[in-house]
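Q: Sharing a structure with you now.
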Amino acid sequence: MSKSKGKKFWEKLPAGSVVLEAGSAVKFKTGTWRSMRPRWIEENCIQCMFCWMYCPDMSIKVTAEGKRGEFNYEYCKGCGICALECPGRKGVKAIVMEEEGK
Amino acid sequence: MTTKPLRLRELAKGEDRLTHGHRMCAGCGAPIIVKQVLMATDYPIIAANATGCLEVSTCISNFTAWKIPWMHSAFENAAATISGIEAMYKSLVKQGRIEDKQVKFIAFGGDGGTYDIGFQSLSGAMERGQDMMYICYDNGAYMNTGIQRSSATPFGADTTTCPAGDVIPGKLQNRKDLTRIMAAHGIPYVAQASPSHWMDLMKKVQKAFEIRGPKFMNVISPCNRGWRSRTDDAIKLSRLAVDTCYWPLYEVENGVTRITVKPKEKKPLVDFLKPQGRFKHMFTPENEWMLKQAQEYVDKQWDLLQKEAVFSGGEEKVEDKPEAAPAEEKTEVQ
Amino acid sequence: MGKIVAVTGNEAVAEALRQINPDVCAAYPITPATDLMQRFSGFISNGKVDTEMVLVESEHSAMSACIGAAAAGGRVATATSSQGLALMWEMLYIAAGDRLPIVMPLVNRALSAPLNIHGDHSDGMGARDTGWIQIYSENAQEAYDNTIQAFRIAEHLDIRLPAMVCMDGFIVSHSIERVEYIDDDKVKKFVGKFKTVNPLLDLDRPKSFGPLILTDLYHEYKRAQHEVMTKVAGVALDVAADFEKMTGRKYELFEKYRMNDAEIAIVVMSSAAGTTKDIIDEYRKKGVKVGLIKPRLFRPFPFKEMANALKKVKAVAVMDRADSFGGYGPLYYEICGAVMTLEKKPLMINKIFGLGGRDYLPDQAEYVIDELIKIAKSGKVKTVKEYIGVKE
Ligand SMILES: Cc1ncc(C[n+]2csc(CCOP(=O)(O)OP(=O)(O)O)c2C)c(N)n1
Ligand code: SF4
Ligand code: SF4
Ligand code: SF4
Ligand SMILES: [Mg+2]
């Protein structure tokens, strides 16, 4: 490949608009879309991992042991699926939805 | 390759092959489906994707949410595109130019890209015996262009091209039963799945990947935009679709039909319809006939499916919501 | 020297494909291209090639499968005609936009309606804006030679664009002619091993093909695509020079026939050039300074070189075997575009001929040359666009 210095902007575009960096969407932070914010109440959590399985935005972190971690607020869109599906402990939810910025 | 166990805690340690940062609407069902499909297996996967919500939202400019090789070319040709990719793989392996890494080939398409405009290309690929799996995420309309009717749109639904008016109360035709049409192709494996029943879905994917030849899976994909429901109810609605037998979970393996999840108690269809704004007009007194007709259709189809399961020799496995309990032991499959 | 054979155009191109041995082909039957892929399928069935054939259910799927296969990373070919090319239309742009070096023999045929299976250039001309390289061939030998060269041009690392190699339906595809084949090993060496660029099959570096590109970048991508096209002519000439070394057969961007001192000229493509040359010879005997230009590389069009070739000519007749209804013939526009840069522009007329396989006969060429003589003398053009060979 010839030097990219001195090249025009359009000359540096990848041929055929191929995206060369897999998973580069992580640079796009969708957390700003959120109007409702999920909050995890750890003591009510039974570690069923349903929230993790059902999150459309892969926004529930997992610890090295495969346990539920915190929300990833950089990407969480606040849809509330996790909260609705959370069985919680004895019927008491481990996720509640709250208004963003409250 | 041995089929990996479907234990949530083990699965959770794996890497996401579809990343966050995609731009599907909050609460969309489609990325949940894709994530479950990709998670079901450790085989390398290469995917083609038809134009539609999933495609435009997962790969924009130089942002791609895919960590697998992925290709979009047009709307009606995901099956043909993946056929070409698969053919090249086969050719290069045969010539010894690349190593056979047991790559699995998937085409993802929306209902519009599958039931309608892409149907010919899908049917052709299936008939040719292409070694691939086609997965339709069926949200029941052309969502990406603004909720127009497709042949997957259910009876009664209010869409932008069949708006519920005073004279015509929404879509007057039943949805095309594509899963059965695909089964009629006589391909080795056809299934219907729902993201609510993740284990059932993932087992089907696992099973499909152990079969050579063409496979088809139809997955209900809630769309809160088009269905006019809440952003948090994608899983609830897909579960209700199963529980009302609107969307039965079954598979057709070499001609044998098996209902994989049979609801303990079949719920009335209105439980599925009521939370969705697209069916709101059906709940007025003058449109009562629509509810009745919709229920009758579901009953008839469900009845047919059960008969077919018995007739074809498929044992009816009663397995109500296997993921209702976090028990890990019983979730292991081989 | 290679083997001399008597074969049809289709047979010759199928033979070229056998020698090149593409990794994947997709095919769907359409007259007059059917026979080409049929013959090639025979090579597959008899183990003469390694090609994986995808026998699709439509030309749209044929091109889609070619696009998938080419992105996957290997050598790809298909062939079609007429309605088949029309059905591919959407995908042609995608093959070019994705920069995939697919090679496609196009056996030129008329477009419906009315339905007609015979040769004209309506199909190819309809695809001229798709971003494909287009090379037109006069006879079976040229179709064979151009097919071999097309792989080198399309797959060149500075280019990576799809290419169509055109020949006239039936007139060339189904007529038996003398063709000189090149030895297998020479063809293989000439075309070389396929070099991958961003192959989708590379599992260690997953790529995404076909993103949504918004208003912020689309224009730039097209600018870049245009730039690549500007490099094609140079590459085509380099490839032709290598080809000449191998075979002694010379190819240029267009052929000039008795143009040195020509005062009037006919521009015509493909098989019709043959008949025209014979008539030109007769007029030359009578002292008429007439020459011929036969475009070979139609896309990208060599405007500068064409202008240069026509700069001393007083009158030019551009012969189109296709029409742009409500406009002039497509080739006419190109020639007009070329001569625009000349200080002294020739007078130009446009003849539409041979649609749907209508015979192009010597008297039509004579008619055109006679008119050019008059125009050159009078300096006046009466009718710019005219259909010739029409029953009146
Ligand atoms: C040939 C062609 N026709 C129409 C379109 C416009 N179009 C793009 S996406 C789309 C709807 C997709 O619907 P579906 O397949 O159901 O996927 P969804 O958006 O609902 O996920 C349409 C009509 C197109 N891109 N190409
Ligand atoms: S609110 Fe939605 S996006 Fe956020 S973590 Fe819960 S399921 Fe995921
Ligand atoms: S769904 Fe609720 S209980 Fe289960 S892991 Fe998530 S937060 Fe914990
Ligand atoms: S419109 Fe519907 S299908 Fe499309 S991204 Fe939004 S929720 Fe998903
Ligand atoms: Mg849809």
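The values are calculated or read from the model by the stated rules, or taken from the named source; none is laboratory data. What you see is a predicted model, and the numbers here were worked out from it, not measured in a lab. In this analysis, Cβ positions are derived from the backbone assuming ideal geometry, glycine residues included, and neighbour counts consider all displayed protein chains. Quick note on the areas: whole protein, heavy atoms, side chains included, nothing else; ligands and nucleic acids left out. Shrake-Rupley method; radii C 1.70, N 1.55, O 1.52, S 1.80 Å.
Q: Under Stokes-Einstein, with the Kirkwood radius over Cα pairs standing in for Rh, what whole-number D in µm²/s applies to region C:295-384 at 20 °C and 1.002 mPa s?
A: Reported coefficient: 155 µm²/s.
Q: Relative to the longest principal axis of the C-alpha atoms of chain B, give the angle of the C-alpha long axis of helix B:119-128, reported between 0 and 90° and rounded to the nearest 10°.
A: Result, in degrees: 40.
Q: Loop only per DSSP, at most 12 neighbouring Cβ atoms within 10 Å: give me the trypsin sites (Lys or Arg not before Pro) in region C:276-366, ordered by residue number.
A: Answer by residue number: C:Lys286, C:Lys344.
Q: A further question on this structure: For peptide C:210-222, compute the average count of partner chain beta-carbon atoms within 10 Å of each residue's beta-carbon.
A: If you average over the peptide's residues, the count of other-chain Cβ atoms is 6.
Q: Give me the Debye-computed log₁₀ of I(q)/I(0) at q = 0.16, 0.21, 0.23, 0.33 Å⁻¹ for region C:170-210, equal point scatterers on Cα only, no solvent, two decimals.
A: Per q value, in the given order, log10 I(q)/I(0) is -0.70, -0.78, -0.83, -1.06.
Q: Give the calculated FRET efficiency between C:Tyr387 and C:Glu227 to the nearest 0.05, with a Förster radius of 35 Å applied to their Cβ-Cβ distance.
A: 0.35
Q: Further question on the same structure: Would you mind putting B:274-283, C:21-30, B:293-302 in packing order, based on average other-beta-carbon counts within 10 Å, highest first?
A: C:21-30, B:274-283, B:293-302
Q: What is the spin-label model distance, in nm, from C:Asp242 to A:Trp10 if the labels are put 7 Å beyond Cα along the C-beta direction?
A: 2.9 nm
Q: Using only the alpha-carbon atoms, how far is helix B:234-243 inclined from the longest principal axis of chain B? Give it as 0 to 90 degrees, nearest 10.
A: Approximately 70 degrees, to the nearest 10.
Q: Mind checking A:69-82 for the average number of partner chain beta-carbons within 10 Å of each residue's beta-carbon?
A: 4
Q: Then there's this: Using a basic spin-label model with each label point 7 Å from the Cα along Cα→Cβ, how many nm lie between A:Ile46 and C:Lys345?
A: Here the modelled spin labels are 8.4 nm apart.
Q: Counting only heavy atoms of protein chains, what accessible area per residue, in Å², does chain B have with a probe of 1.4 Å?
A: Spelled out: the 1.4 Å probe surface of chain B, per residue, equals 36 Å².
Q: At q = 0.12, 0.29 Å⁻¹, what is the base-10 log of I(q)/I(0) for region C:1-54 according to the Debye formula with one equal point scatterer per Cα and no solvent? Please give it to two decimals.
A: -0.26, -1.23
Q: With an 8 Å cut-off on Cα pairs and a minimum separation of 6 or more residues, tell me the relative contact order of region C:11-106 in percent.
A: 33 percent
Q: Could you give me D for chain B, from Stokes-Einstein at 37 °C and 0.692 mPa s, where the hydrodynamic radius is the Kirkwood radius over C-alpha pairs? Units µm² s⁻¹, please.
A: My calculation gives 162 µm²/s for D.
Q: May I ask you to rank A:Ile95, C:Ile373 by accessible area, largest first, using a 1.4 Å probe over the protein chains only?
A: Result, largest first: C:Ile373, A:Ile95.
Q: Also, quick follow-up: Using modelled backbone amide H atoms (1.01 Å from N, in-plane), which distant-in-sequence or interchain residues come within less than 5 Å of B:Ala193's amide H?
A: Counting only residues 5 or more places away or on other chains, the set is B:Asn218, B:Val219, B:Ile220.
Q: In chain A, which cysteines lack any other cysteine Cβ under 4.7 Å from their own?
A: So far as the 4.7 Å Cβ criterion goes, A:Cys45, A:Cys48, A:Cys55, A:Cys76, A:Cys79, A:Cys86 stand without a partner in chain A.
Q: At q = 0.14, 0.15, 0.26 Å⁻¹, what log₁₀ I(q)/I(0) does region A:27-99 have when each alpha carbon counts as one equal point scatterer in the Debye sum?
A: Debye intensities relative to I(0), on a log10 scale: -0.38, -0.44, -1.25.
Q: Okay, next question. Rounded to the nearest 20 debye, what is the charge dipole size of the protein assembly as shown about its Cα centre when +1 sits on each Lys and Arg Cβ and -1 on each Asp and Glu Cβ?
A: The dipole magnitude comes to about 1820 debye.
Q: Can you pull the mean other chain C-beta count within 10 Å for peptide C:10-18?
A: 0
Q: Please give the contour-minus-distance gain from C:Lys312 to C:Thr196: 0.36 nm per residue of separation, less the Cα-Cα distance, rounded to one decimal in nm.
A: Stretched fully, the C:Lys312-C:Thr196 segment lengthens by 37.2 nm.
Q: List the relative contact order of chain B as a percent without decimals, with contacts defined as Cα pairs under 8 Å and 6+ residues apart.
A: Computed value for chain B: 17 percent relative contact order.
Q: When a/c is below 1.5 the answer is rounded, else prolate if a/b is larger than b/c, else oblate, so apply that to the protein assembly as shown with a ≥ b ≥ c taken from the square roots of the Cα gyration tensor eigenvalues.
A: Taking the square roots of the gyration eigenvalues as a ≥ b ≥ c, the protein assembly as shown is prolate.
Q: Now a separate question. What is the total of Lys pairs in region C:3-247 with C-alpha atoms under 14 Å apart, excluding same-chain pairs fewer than 8 positions apart?
A: The result is 4.
Q: Calculate how steeply helix C:82-97 sits against the longest principal axis of the alpha-carbon atoms of chain C, using the helix alpha-carbon long axis, and give the answer as 0 to 90 degrees to the nearest 10.
A: 70 degrees
Q: What ranking of C:Phe325, C:Phe298 comes out by heavy-atom accessible area, probe 1.4 Å, highest first?
A: C:Phe325, C:Phe298
Q: Could you state the accessible area per residue of region C:347-392 in Å², with a 1.4 Å probe and every protein chain left in place?
A: Per-residue accessible area for region C:347-392 comes out at 57 Å².
Q: Here's another thing I want to ask about it. Once you have the alpha carbon radius of gyration of region C:1-126, what is it after dividing by 2.2 N^0.38 Å, with N set to its residue count?
A: Its radius of gyration relative to the 2.2 N^0.38 Å reference: 1.04.
Q: Each residue of region A:42-47 in order: what ³J(HN,Hα) in whole Hz does its phi give by Karplus 6.51 cos²θ - 1.76 cosθ + 1.60, θ = phi - 60°, with x for Gly and Pro?
A: 4, 5, 8, 7, 9, 6
Q: Given bins 10 angstrom wide, list per bin the percent of all Cα-Cα distances in region C:3-247, short to long.
A: 8, 33, 39, 17, 3, 0
Q: Another one. If you count, for each residue, the other Cβ atoms within 10 Å and average over each peptide, how do B:170-183, A:70-83 line up from highest to lowest?
A: Top to bottom by mean Cβ count within 10 Å: A:70-83, B:170-183.
Q: For A:Ile95, what residues show an amide H to amide H distance below 5 Å, using hydrogens built from the backbone and excluding near sequence neighbours?
A: A:Ile41
Q: Only Cα pairs under 8 Å and at least 6 apart count here; give the relative contact order of region A:27-99 as a rounded whole percent.
A: Relative contact order here is 45 percent.
Q: Considering only protein heavy atoms and a 1.4 Å probe, what is the carbon-and-sulfur percentage of the accessible area of the protein assembly as shown?
A: 52 percent
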